[in-house]
Amino acid sequence: MDNTSWGLNHTGSSDFILLGFFTQLNHPALLCAVIFVVFLLALCGNSILILLIHWDIKLHTPMYFFISQLSLMDVMYISVTVPKMLLDQVIGVNTISPPECGIQMFLYVTVGGSEYFLLAAMAYDRYVAICHPLHYSILMNQKMCFLLVSACWFLGLVDGFMLTTVTMTFPFCRSREIQHFFCEVPALLKLSCSDTTLYETIMYICCVLMLLLPVATISSSYFLILLTIYRMNSAEGQKKAFVTCSSHIIVVTIFFGAAMYTYMLPNSYHTPENDMVISVFYTIMTPVINPFIYSFRNKDVTAALTKLVSGGVLMQ
């Protein structure tokens, strides 16, 4: 490579190009419309849930406090990536500056890391409620709930700060084209012209801890919950608890399974197309699914929603 080309790569256009997946489709406008509708559903579903939990005093319990935090994270999670992707498709510009890329990466990793630990805290909350109901109010008091949520956000911030700071310090002297629809760490590392082997190894170890610790907590909590359910004398109670737990486990499996694929599998298992499809599951689909899985099928939430709607109608 001559000096002129080298200089252009470094000092010419420093913006990255997000290739995304719209360019690979015959009908990108249709997919764009579908994603926009899904985005609105996620925003509306999670926002309504946050409003209901804040408004109805009957929902001022540890379980719904954690769910409100999950909804807040989901709103932030999907808002970090989808609006930029849709806007690029509409106006025909798919560039992102390094500072914008770093901010997007930081927010994405921070919220994602926080959600991993929050799901573990929610599983622990259900374990205490079902397996130790007499001690629930003591073990899961308001102070403990705030401490758990604060710890989740803190661990997510630490993860986001470390991964973003180190990733964005690497020189990117190869192609500026990111084979993704947002600035994800593995996709960006492929553009670096320096040796990232050590960093990728350290990142792998950190991701193993960030993922396996919550997974271990969730797995052990639900195992003990299912064991308690099995010992119940009430068939109706068994059915209700099992349906609730199975729904939660499905969401956790999708979220953590996609994250493990992205951050823990060797590079030989990855292709740009598969990476984007997997990312769609935990950046776009889970924020839509979570409100319905965790709350809108719940009688307390539907009663609060009915009361809110009825009150609004009467006020008119």
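Residue by residue through segment 152-170, note down the ones that are open to solvent by less than 60 Å² (accessible area, probe 1.4 Å), of a type outside the set (A, V, I, L, M, F, W, C) and farther than 23 Å from Leu72 by Cα. Thr167 - this is the single residue of segment 152-170 that is open to solvent by less than 60 Å² (accessible area, probe 1.4 Å), of a type outside the set (A, V, I, L, M, F, W, C) and farther than 23 Å from Leu72 by Cα. Could you tell me which numbered condition Val128 fails, if it satisfies all but one of (1) closer than 25 Å to Thr271 by Cβ; (2) open to solvent by less than 10 Å² (accessible area, probe 1.4 Å)? Val128 satisfies all of (1) closer than 25 Å to Thr271 by Cβ; (2) open to solvent by less than 10 Å² (accessible area, probe 1.4 Å) except (1).
For segment 195-208, which positions are exposed (fewer than 12 other Cβ atoms within 10 Å of the Cβ) and assigned to a loop (DSSP other than H, G, I, E, B)? Correct list: Asp195 only. Among the residues of segment 147-201, those identified as β-branched (Val, Ile, Thr) and under 22 Å from Gly20 (Cβ atoms) are Thr164, Thr167, Ile178, Val185.
Which of the residues spanning segment 90-101 are open to solvent by less than 10 Å² (accessible area, probe 1.4 Å) and either at pLDDT below 90 or assigned to a helix (DSSP H, G or I) (or both)? Please lay out each step first, then the result.
At the first step, the residues of segment 90-101 found to be open to solvent by less than 10 Å² (accessible area, probe 1.4 Å) are 96, 101.
Across segment 90-101, the qualifying residue is only Cys101.
Within the option set Arg176, Arg231, being touching a residue at least 60 places away in the same chain (Cβ under 8 Å), open to solvent by 20 Å² or more (accessible area, probe 1.4 Å) and among the basic types (Lys, Arg) holds for one residue only, Arg176.
Consider segment 209-219 and keep the residues that are of a type outside the set (Val, Ile, Thr) and open to solvent by less than 60 Å² (accessible area, probe 1.4 Å). The one that is modelled with the lowest pLDDT is Met210. Note on segment 50-81: among residues that are more than 18 Å from the chain's Cα centre (by Cα) and among the β-branched types (Val, Ile, Thr), the one that is least open to solvent (accessible area, probe 1.4 Å) is Ile53. Pairs linking a residue in segment 87-99 that is in contact (Cβ under 8 Å) with a residue 40 or more places away in the chain and at negative phi to a residue that is assigned to a helix (DSSP H, G or I) and open to solvent by less than 50 Å² (accessible area, probe 1.4 Å), with Cβ atoms under 6 Å and 6 or more positions apart or on different chains, are Gln89/Phe22; Gln89/Cys32; Asn94/Asp88.
The values are calculated or read from the model by the stated rules, or taken from the named source; none is laboratory data. None of the values given here were measured: they were computed from a predicted structure. Glycine gets a Cβ as well: all are built from the backbone with ideal geometry, and neighbour counts include every protein chain shown. To get the accessible areas, we keep the full protein, side chains included, count just its heavy atoms, and leave off ligands, DNA and RNA. Shrake-Rupley method; radii C 1.70, N 1.55, O 1.52, S 1.80 Å.
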